[in-house]
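Take a look at the structure below.
The values are calculated or read from the model by the stated rules, or taken from the named source; none is laboratory data. Predicted model, so just to flag it, every value in this text is computed and none were measured. Cβ: placed from backbone, ideal geometry, glycine included. Neighbour counts: every protein chain shown. Areas reflect the complete protein model, heavy atoms only, side chains present, ligands, DNA and RNA absent. Shrake-Rupley method; radii C 1.70, N 1.55, O 1.52, S 1.80 Å.
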Amino acid sequence: SRRPQHPGGLSRREVEVLRLAAKGLTTRQIADRLYISPKTADHHIQHIYDKIGVSTRAAAALWAMQNAVVS
């Protein structure tokens, strides 16, 4: 069984994190929502930035909208 392809080569978890970040949640709020540590949430965010070639949450949110990760 093939894993579904997500835009930008993001993992399923990274897509979840990006959706929450794009909605304006803080790293702590993302961590609480996904039952992970804030440090883990931050690692996901940094990997997302690297994969999609951005360096800010605003740019990541824009990318997410342009690539149908969030509507």
Complete set of residues in the stretch 34-56 that are open to solvent by less than 60 Å² (accessible area, probe 1.4 Å) and either in contact with a strand residue (DSSP E or B) (Cβ under 8 Å, 6 or more places away or on another chain) or β-branched (Val, Ile, Thr) (or both): ILE36, THR40, ILE45, ILE48, ILE52, VAL54
Residue tally, condition more than 18 Å from PRO7 (Cβ to Cβ), among the small types (Gly, Ala, Ser) and part of a loop (DSSP other than H, G, I, E, B), over the stretch 26-54: 1
Count of the stretch 1-33 residues which are open to solvent by 90 Å² or more (accessible area, probe 1.4 Å) and within 13 Å of VAL70 (Cβ to Cβ): 2
